Amino acid sequence: VELSCIIKSTVTRDPRIEWKKIRDGETSYVFFDNKMQGDFAARAEILSQASLVIKNTTRMDTATYRCEVAAPSDTKTIDEINIQLTVQ
């Protein structure tokens, strides 16, 4: 599955991007400090700067995924989007 966090424009070179998984009120890192975290390290990757691709998804991946972008040189320095993923 591919979850897209589209960055329309930024003047910040190499903005900081983080992906988090929110499930049952608990938040965990998926992509932090430019690397995959936890069990995602072996089965996920970042494409085209900000799209998260998760391979071999299971029902345990059902959650809200939050993409956070920090661009300190921009007028809007931080933004985020939440994506609800439901695996049948």
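Each reported figure results from applying straightforward, stated rules to the coordinates on display, with no laboratory input. In this text, all values refer to a predicted model and were calculated from it rather than measured experimentally. For neighbour counting, all protein chains shown are included, and Cβ atoms are generated from backbone atoms with ideal geometry for every residue, glycine included.
Per 10 Å bin from zero, what fraction in whole % of the C-alpha pairs of the chain is there, up to the bin with the longest pair?
17, 52, 25, 6, 0
Please identify the trypsin sites (Lys or Arg not before Pro) of the chain that satisfy two criteria: DSSP loop assignment and at most 10 other Cβ atoms within 10 Å. Which are they? Don't skip to the end; give the middle numbers.
Values: sites: Lys8, Arg13, Arg16, Lys20, Lys21, Arg23, Lys35, Arg43, Lys55, Arg59, Arg66, Lys76; in loops: Lys8, Arg13, Arg43, Lys55, Lys76.
Answer in residue order: Lys8, Arg13, Lys55, Lys76.
With charges set only on the Cβ (+1 for Lys and Arg, -1 for Asp and Glu), what does the dipole of the range 46-88 come to about its Cα centre, in debye to the nearest 20?
So the magnitude is around 200 debye.
Label Tyr29 and Ile6 with points 7 Å out from Cα along Cα→Cβ: what is the distance between them in nm?
A separation of 2.9 nm, rounded to one decimal place.
What number, in nm² with one decimal, is the all-direction average of the projected area of the convex hull of the alpha-carbon atoms of the range 43-88? Could the numbers behind the result be given before it?
Numbers: hull surface 15.2 nm².
For the range 43-88, the mean projected area of the Cα convex hull comes to 3.8 nm².
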